[in-house]
């Protein structure tokens, strides 16, 4: 017997992601004038869902047989749990940070979108994953659209196209895999069969996850869409989509060698763009690529702890950097390096919190970044891949340059912009302080975080505060800082000039735009043609259907009684043939 | 002899004894209250039976203490207890709602006769369902059919076409009953018994032969005609359209369902689906006809300009779903079929009652009467919309439950293409229901012309309370059983298990 419908509803209501989505919908009914109530309801929902998730412990729930297939709506294993916990924390911090935001649609998205990401990481089967994957795409686009301008609308459409493409690929992969294995279970998939041949279903899914985690060449949507969102929207966007993809990669492709190289490239290339970028929000968006690169690399090494741990850490400290920059933007109205600067005088609290985030993302000993990134660098060293190890070290130095130094330096120091804004509002300071204290607290006492790691066996052999780790990291940081100083003094460091953002975008915008316009015109023309022929066909079919089924048609008209009797006799003959011949 | 021991016979005895008294009641209103009381009593005894069967298993009652196979046995298991509850429940709701409607549509002098016929019709349907004796099925079938012909003909005052509709129905119904009784005769010849359980025993002992096979084919066709199986449904649209509105509501909800029930009973527990010829009939006769009905009848419904006629064709399509469940031949399919029998009764009763409300106020049952109905008769309009969504199969309504189980059954039988067809045909229902909902919600009520005012020339008012309350009870039942699926699904599941397990 299949699943009964009450089972199905019960399973849905026992899923934290569904509950959060419902809460987001309910909170959206609290209209203008009741924003604080709405935020409080959203926070309460997150707290409830967090406790619920923790209380569930590890295991699977919502094992249903629907239409002959087994699906698992909720699976909390250590990998899902660490992501679920940090998603809850991040969503809550964002709600506090965005307390001043009055937009209902944004508030809905800032709970429904994390909920979808949560549903994705806790999905126990591929179909459930696919559903949440698409819901995440749809709810997040509300954030891109939030400013409500034409530019953001178009960016949102582009974003949606990419996300839906990823979803379509995922579905294709699911279908291919189902045909191959006959199961929808979501476990390790791999890019190759055991005999070494290419695993097509795996490859398709790999691409789907790759688009969402912004693999090189698939990364442009991040810089395109994210900075265009609102202040608070960007922060939320930066957290969930890529991390959901990382969690999916970690589950499906652990130890996949290709990921090492992809990850290494991801860590390197954004650094150059970030160094010359003038818009600091875009700098941070490049930094997302670079940071996800470390996680992808870790998955390639099979160091799932490194990927999950760094994702956890990154969500906190990168979020903190985004928030601090956001506070500056909130007060000054600009995020361009050329127009910021010297804000430390009047925004000291924000400055200190920003520096904590910067130290943490640079993996300074005693911070969350140090205790999580070390696992990845260690894994690279242990894999005896010298060049990769060197690349990651170089990329770490690059992180220090663009995120660790550039962001706080150009925002709060550098040349004096003459702006004297107030310090960040209280709710922003609260959110940032919580994130900052997590950066330092978990950095000094990593045991709590390590206890959540997926691979307890591996983590028990890892000790972050050994002399070797500390010396290695300090050397790196010192030399990189010196390099920044030298470059700055010698005026070799790319100065903050308003026009620098031409480089990456030029290819993208000028020839790319032409290509895009041509492609869209062509698509529209083809669509028009198709629709025309389709429409004609539909009309044709409808006319035929009407002639038979319409009120005067043969099937609908009233027939004389003799005909009815004849029909019955014919049916009897028909039935008798089968009864007697069978 | 306590009353409880006699409970199985009460649903038959109460209306059987009570109905003739309607003839001597001079006043329609008194007959109305009398019929309400009788139908309520009958409903209560059916609820009691359902309770008893759900808790204590199959009840067997020997009429006049004559033991079967010689005597007549009433045999109530979950499958027929559920159908009994549906029939008496719909009667207990339609009869209270019927007075304003029948008073407006029929000759006032005939109102006591109307209630007498309603009670007899209900009694016949209950009798078909309750009895464990094959010939007794035929007897009760004729009782209910004769009453139905009279009830349909009562619509002749409002529309003379009711008379031909009734006459056609009579001829076709008699044809169906004749086929059925021929089938019974053949089975009797082959097995020497008329007790259903005993026929089964004899067949298992002696095996099948040509006579049994032909008999079964006659029964399928005879009952298929009564159930309006496509393409033997031609009597149904006119009968439902021109009968008085209250009669349509009752027979649409109850009478074809009983025929489907008899099909289930004969297929699974009298003959048995384990015989090759039965499974061949299911796969090659029942299934194609069910699928054809789902599509062709639903498509016809799309183009109807008369709402009652549209609902009638929709019924033919919905019967297709029930037959489809049976034709899968699996326990899950049977469960889906029984669930849909029950659920479809709830939807169609509510829908036809809302049409009755429109008919009462505006005097028409064409689509024109539904223009802007939400503004003129909001409660009636809302009831139609909810029940219509249930007919489409929107989640949280019983229609969704039906489709859900039917889809599950199709997948379980490894026939995903059937699941696809179920969904595709549901989309047709979206069109024909959506069409009316569009009229109700988005069109403006007419500014002048014949439908500007009600039949008495007054501004159009909401339907009277006596009609609204029963209608809304049915609508709420649509939602309640859509949420509390454990009630119907569990009972239907057990009923299906016992029907299949009895083989």
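Only the coordinates and a few stated rules stand behind these numbers; no lab work does. The structure displayed is predicted, hence computed values, not measured ones. Glycine also receives a Cβ, built like all others from the backbone with ideal geometry; neighbour counts cover every protein chain displayed.
Tell me whether the stretch A:54-140 comes out rounded, prolate or oblate; compute the Cα gyration tensor, take square roots of the eigenvalues as a ≥ b ≥ c, and use a/c under 1.5 as the rounded threshold. Because a/c hits 1.5 or more and a/b fails to exceed b/c, the stretch A:54-140 counts as oblate.
By other beta-carbon atoms within 10 Å, ranking A:527, A:99 with the fewest at the front produces A:527, A:99.
Taking label positions 7 Å along the Cα-Cβ direction at both residue A:195 and residue B:274, the computed distance is 4.7 nm, reported to one decimal.
Sorted from fewest to most neighbouring beta carbons within 10 Å, what does the list B:432, A:462 look like?
With the sparsest Cβ surroundings first, the list reads A:462, B:432.
Going from the fewest other Cβ atoms within 10 Å to the most, the residues A:246, B:392 appear in the order B:392, A:246. Sequence-distant contacts, meaning Cα pairs under 8 Å at least 6 residues apart, place the relative contact order of chain B at 15 percent.
Per the Debye calculation on the stretch B:130-249 with a single equal scatterer at every Cα and no solvent contribution, log₁₀ I(q)/I(0) for q = 0.09, 0.14, 0.19 Å⁻¹ amounts to -0.30, -0.63, -0.94.
Take each residue of peptide A:543-549, count the partner chain Cβ atoms within 10 Å of its Cβ, and average: the result is 3.
Using a Förster distance of 35 angstrom, determine the FRET efficiency expected from the C-beta separation of residue A:539 and residue A:104, and round it to 0.05.
Details: r = 42 Å, r/R0 = 1.19.
Here the calculated transfer efficiency is 0.25.
Over all Cα atoms in chain A, the spread is summed up by Rg and Dmax: 27.6, 106 Å.
For the stretch A:254-496, compute Rg over Rh where Rg is the Cα radius of gyration and Rh is the Kirkwood radius from the inverse mean 1/r over Cα pairs. Let's see the in-between values first.
Numbers: Rg = 17.4 Å, Rh = 17.9 Å.
Rg/Rh for the stretch A:254-496 comes to 0.97.
Taking square-rooted eigenvalues a ≥ b ≥ c of the alpha carbon gyration tensor, is the stretch B:66-109 rounded, prolate or oblate, where a/c under 1.5 means rounded and, failing that, a/b exceeding b/c means prolate? It comes out oblate by the Cα gyration axes. Just so you know, the Rg over Rh for the stretch B:351-424 is 1.18, from Cα atoms, with Rh as the Kirkwood radius. If you fit an axis through the alpha-carbon atoms of helix B:111-130 and take the longest principal axis of the Cα set of chain B, what angle between them do you get, 0 to 90°, nearest 10? That works out to roughly 30 degrees.
Note on residue A:547 and residue A:153: with the Förster distance fixed at 41 Å, the Cβ-Cβ geometry gives a FRET efficiency of about 0.35.
Report the FRET efficiency, 1/(1 + (r/R0)^6), for residue A:482 and residue A:218, where r is their Cβ-Cβ distance and R0 is 35 Å, rounded to 0.05.
Numbers: r = 35 Å, r/R0 = 1.01.
E(calc), rounded to 0.05, equals 0.50.
A viscosity of 0.890 mPa s and a temperature of 25 °C, combined with the Kirkwood radius over C-alpha pairs in the Stokes-Einstein formula, give the stretch A:213-323 a diffusion coefficient of 179 µm²/s.
Based on DSSP H runs of at least 4 residues, each adding -39500 (n - 2.57), what is the mean residue ellipticity at 222 nm of the protein assembly as shown after dividing by all its residues, to the nearest 500 deg cm²/dmol?
Working: 44 runs with 773 residues, N = 1085.
It lands at -24000 deg cm²/dmol.
Sorting A:40-52, A:373-385, B:19-31 by average packing, meaning the other beta carbons within 10 Å per residue, from highest down gives A:373-385, A:40-52, B:19-31.
Compared with the dominant Cα axis of chain A, that is its longest principal axis, helix A:386-399 is turned about 80°. Distance distribution note for the protein assembly as shown: the fraction of Cα pairs above 62 angstrom is 27%. Most tightly packed first, judged by the mean number of other beta-carbon atoms within 10 Å of their residues, the peptides B:414-423, B:451-460, A:285-294 read A:285-294, B:414-423, B:451-460.
Peptides B:55-68, B:486-499 ranked from most to least packed give B:486-499, B:55-68, packing being the mean of other C-beta atoms within 10 angstrom over each peptide's residues.
With coordinates expressed along the principal axes, the C-alpha atoms belonging to chain B extend over 73, 55, 41 Å, beginning with the largest. The C-alpha atoms of chain A define a longest principal axis, and helix A:503-549 lies at about 10 degrees to it.
Mean partner shielding of peptide B:475-486, defined as the number of other chain Cβ atoms within 10 Å of each residue Cβ, is 1.
Under 1.5 on a/c is rounded, so check that first for the stretch A:369-444, then, if it is not, pick prolate when a/b is larger than b/c and oblate when it is not; a ≥ b ≥ c are the square roots of the alpha carbon gyration tensor eigenvalues. Oblate, because a/c is 1.5 or more while a/b does not exceed b/c.
For peptide A:566-573, how many partner chain Cβ atoms fall within 10 Å of a residue's Cβ, on average? Kindly include the intermediate steps, with their values, before the conclusion.
On the way: counts 0, 7, 12, 3, 3, 12, 12, 2.
Partner Cβ neighbours, averaged per residue: 6.
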